[in-house]
Each structure stands twice: as structure tokens, then as C-alpha cells.
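The values are calculated or read from the model by the stated rules, or taken from the named source; none is laboratory data. Since this is a predicted model, take the numbers as computed values, not measurements. With ideal geometry, Cβ positions are generated from the backbone for all residues, glycine too; neighbour counts draw on all protein chains shown.
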Amino acid sequence: MKNTFTEKPKTAKSRSSFSRAVSNAARAEPAAPFDWWLFTIMLTILAIGLVMVLSASGIVAEQVNGDKYYFFKRQLAFAALGGIALWAAALLPRHWLYRLQYPALFFALLLLLITLSPFAPAINGAKRWIPVGPISVQPMEFVKIALALYLAYFMSAKQDLIKTFSRGVIPPFAVTGLFCFLLLLQPDFGSAVVLAGILFFMCVAGGTRFVYLFFSLALACAGAMALAIASPYRLRRLLAFLDPFQDAHNTGYQLVQSLLAIGSGSFFGVGVGASKQKMFYLPEAHNDFIMAVLAEELGFVGVTVVMLLFALLFWRCYRIIMGQHNLRDRFTAFGLTTILVMGAVMNLAVVMGVAPPKGVPMPLMSYGGSNLLATMLCVGLLLNFSRTADPWTKSS
């Protein structure tokens, strides 16, 4: 079977033409209109997220900070900064972006090293944030983008070597493995899983041999199980995920409260602002578990609407990916979309008890400046790529 994702011209003449086209495309300025459907859907999800942050955080914000609008105002400011980043990314010349794969990678590495230094405080037993004035930056959100840019460069530039082990497998696995190792030192097991997932899907799209993927996946699963067994805390969380009601007041508490919130919402929900679980019952109600509050307040109908909006967002992303003629453009758009899809799917899986709690925020909805800024940066870059997609990607 042909791999339409990576298919290239086969004759010598066509290969030469293809190489010149890729070189020219990397320097050409996009001229077509943006995908305004993608932008509109993103804006709608963001608006719903802002309303839910206001609803889910008001009680806690007033109790802790003395201002029930504390988290909402900060999220609004983050959204404004994200809007600037989005349009800067959308208008960024493509050849400038493609000079950043290594600088972005080294900068992301530096940020992770800073989190492990004495300059970064430990919060809840983990060192995942870098204090910058009144805010804290979570480097992991930007590590994902840097890794996606690097893998897109590698998969497109090394197509002739991608099926070899020494030059097609070891380099991307070594780079990703280094980042995962630093994340495990924080410790942040969930984020390491996210990076491994990005690598896996990029390798699938890039054409890495199945046998290499199979053994690397088996090795990763074995390593994850070993880490879980070696750490009593991780093992307790894993067992609590399998049966949260068995220890509903301790390790299974958060998941139990999430499921109670979802069940309380029924079909139409209890109404915006009327959630009971957000009143100090459900931890991280305005952050990782904001979808549980949305399910309680807006019910099955509200959750369905949000999931349909995300499905439409990912559909627009898919059309942008498949509309690219330049292989590197296609891989980069695919990597950025993978970041968005994994964030949404993993968050919903955790909230509904399908996966162990991993601390993965919901894109565009969960409270948090780093995640919101990184997500809007991804959308901005996808808008950039929409300008060089085939016209059919914008027609419907």
C-alpha cells in the first residue's frame, strides 16, 4: 500500500522537481486566506472555557484570594496574551519557523533543567514550574511544540533513512527519551507519556518500521509498569483508577468526585453556576477536572456540544494537514494537531475514569496560562499552514 502521507515523486526528474518545490515552498510567503472556520471554532471553545473557569473557580477564589473573579481575570489576561501569540504565529514567515527546530529544542531543554534547579520551587512534591514574577511557567507545554517541530523536520528530511535503525530510529528516540527522563525527575509521569505519544504518532506518520514501533511500545509499557511498581504513590493511583470507590476517601477521592459530578448533571445539567462538586469537593475543579463541572452544570447536552466542537476543530486541522504539498509542512501540521488531540482525549479519559489521573489540562478550557498560551500558539501555526493548503480545505 502507498503511504499518501509521505509519498514523493519517483523519477529522477520528478525528484529534482520535488526538491526544488520543497525548497521554494519553505521560503515562499503564504498568500491564501486563513481558515476562518478553524479560528471561529477555537474562539467558541475558548469562550465556553472562560465561562466555565469563572463558574468553577469563583468559590475557591473568594475563599483563598478574597476575589471570586481572581482566576477568571487571570485566565482572561492569558487569553489576551494567547491571542497575540496566535496571530504572531499565523503571520510568521514559514522559513523563519523552520530555522527554529534546534534553538527551540535547546531552549526547551534549558527550561526543563531550570525546573530541576534550586531556582524552581517544589509544589505538591513536584518541580514542574518556573516562577516569573506574579506567574509560574510550566515548560512542558512548550516542550511539546519544540519536540513536534524537531520530529517534523527529522521525518521530512530523513525519509530515505527513516526505516533504518541507527539513523532513522535512534536520533528521535534519544531526543524524546532525554526529555522524558528529565520529566520523570520532576517527577511528571503523565507528561512523559504525552511526549512518548507524540513520538509514536509522528513515527507512524513518518513511516518507521512497525517492528521498531512494536518493540519500543512494549519496552515503554514495561518501563511504565516498573516505575509504577517501584513507586508506592504511582501504584496506589493505578489501583485507585481500577476501583476508585474502594478507597473513595483517599487515593480514589478525586476520581469519585469527578464521576459524582458527571452523574449529577443528568441530561440537561443543574445549571451554570449551580455545581455542588466545585464547592471544595472536587480538587482542581477549574483546572484538570473542568469538564466534570461542565458535565454537572450543562449535562449530557453540554458535554456533547463541546465534544462536537472539538471534533470539528480536529476535522479542520486534518483538512489543513492533508492539503499541504510540502512534506515538512504536512508533518509539522500533523505534530501540532497531535498535541491538541492528545490533550483533549487524555483529559476526557481521566475525567471519565477511563485512564489514571495524569494532570493533563483540557485545551482552551482548563485554567492555566502556559497551557492556554501553548494551545493558541499551536492553533496560530495551523492557521499559518491553512494559507498553503489546497482550496478544498476551506470550502466546507
*asked:* I'm told GLY359 meets every condition in (1) at positive phi; (2) part of a helix (DSSP H, G or I) except one. Can you identify the failing condition by its number?
replied: (2)
_Some residue of the stretch 284-302 being more than 28 Å from THR176 (Cβ to Cβ) and surrounded by fewer than 16 Cβ atoms within 10 Å (Cβ to Cβ)_ = yes
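Select from the stretch 189-203 the residues that are of a type in the set (A, V, I, L, M) and either surrounded by 23 or more Cβ atoms within 10 Å (Cβ to Cβ) or at pLDDT 90 or above (or both) and list them in ascending order. Working first, answer last.
Of the residues in the stretch 189-203, the ones of a type in the set (A, V, I, L, M) are 192-196, 198-199, 202.
ALA192, VAL194, LEU195, ALA196, ILE198, LEU199, MET202 - these are the residues of the stretch 189-203 that are of a type in the set (A, V, I, L, M) and either surrounded by 23 or more Cβ atoms within 10 Å (Cβ to Cβ) or at pLDDT 90 or above (or both).
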*asked:* Contact list please: Cβ distance under 9 Å, first residue in the stretch 31-44 and within 17 Å of LEU91 (Cα to Cα) and among the charged types (D, E, K, R), second residue in a loop (DSSP other than H, G, I, E, B) and at pLDDT below 90, pairs at least six apart or on different chains.
replied: ASP35/ALA389; ASP35/LYS394
*Among all residue pairs at least 6 apart or on different chains, which show Cβ distances below 7 Å where the first residue, located in the stretch 85-106, is touching a residue at least 60 places away in the same chain (Cβ under 8 Å) and the second is hydroxyl-bearing (Ser, Thr, Tyr) and surrounded by 13 or more Cβ atoms within 10 Å (Cβ to Cβ)?*
LEU105/TYR150
_Any chance GLY265 is over 19 Å from MET362 (Cβ atoms) and either at pLDDT 85 or above or surrounded by 13 or more Cβ atoms within 10 Å (Cβ to Cβ) (or both)_ = no
*Among the residues of the stretch 341-369 satisfying the criterion of being surrounded by fewer than 21 Cβ atoms within 10 Å (Cβ to Cβ) and within 11 Å of the chain's Cα centre (by Cα), which is nearest to ASP35 (Cα to Cα)?*
VAL341
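Suppose the filter is part of a helix (DSSP H, G or I), more than 24 Å from the chain's Cα centre (by Cα) and under 22 Å from ARG237 (Cβ atoms); does GLN277 pass it? Give the steps one after another, and end with the answer.
On the way: part of a helix (DSSP H, G or I): no; more than 24 Å from the chain's Cα centre (by Cα): yes; under 22 Å from ARG237 (Cβ atoms): yes.
Criteria not met by GLN277.
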*asked:* Being touching a helix residue (DSSP H, G or I) at 6+ places or on another chain (Cβ under 6 Å) and of a type in the set (A, V, I, L, M, F, W, C) narrows it down to one residue among LEU308, LEU259, LEU282; which is it?
replied: LEU282
*Mind checking which pairs have a first residue in the stretch 268-289 that is closer than 25 Å to LYS358 by Cβ and modelled with pLDDT of 80 or more and a second that is exposed (fewer than 13 other Cβ atoms within 10 Å of the Cβ) and among the small types (Gly, Ala, Ser), Cβ under 6 Å, 6 or more apart or different chains?*
none
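Just one of ALA104, ALA108, ALA120 is of a type in the set (A, V, I, L, M), closer than 24 Å to GLN186 by Cβ and in contact with a strand residue (DSSP E or B) (Cβ under 6 Å, 6 or more places away or on another chain); which is it? Walk me through it before giving the result.
Numbers: ALA104 fails: in contact with a strand residue (DSSP E or B) (Cβ under 6 Å, 6 or more places away or on another chain); ALA108 fails: in contact with a strand residue (DSSP E or B) (Cβ under 6 Å, 6 or more places away or on another chain).
On inspection, the qualifying residue turns out to be ALA120.
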*Of the residues that sit in the stretch 205-235 and are part of a helix (DSSP H, G or I) and touching a Gly at 6+ places or on another chain (Cβ under 9 Å), which one is surrounded by the fewest Cβ atoms within 10 Å (Cβ to Cβ)?*
TYR233
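Checking the conditions here, which among MET202, MET140 is aliphatic (A, V, I, L, M) and in contact with a Gly (Cβ under 8 Å, 6 or more places away or on another chain)? Even if it seems obvious, please write down each step before you answer.
On the way: MET140 fails: in contact with a Gly (Cβ under 8 Å, 6 or more places away or on another chain).
Being aliphatic (A, V, I, L, M) and in contact with a Gly (Cβ under 8 Å, 6 or more places away or on another chain) holds for just one of MET202, MET140, which is MET202.
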*Those residues that are within 25 Å of ARG236 (Cα to Cα), in contact with a Pro (Cβ under 7 Å, 6 or more places away or on another chain) and at pLDDT below 90, I need them from the stretch 326-379; list them, please.*
VAL350, GLY353
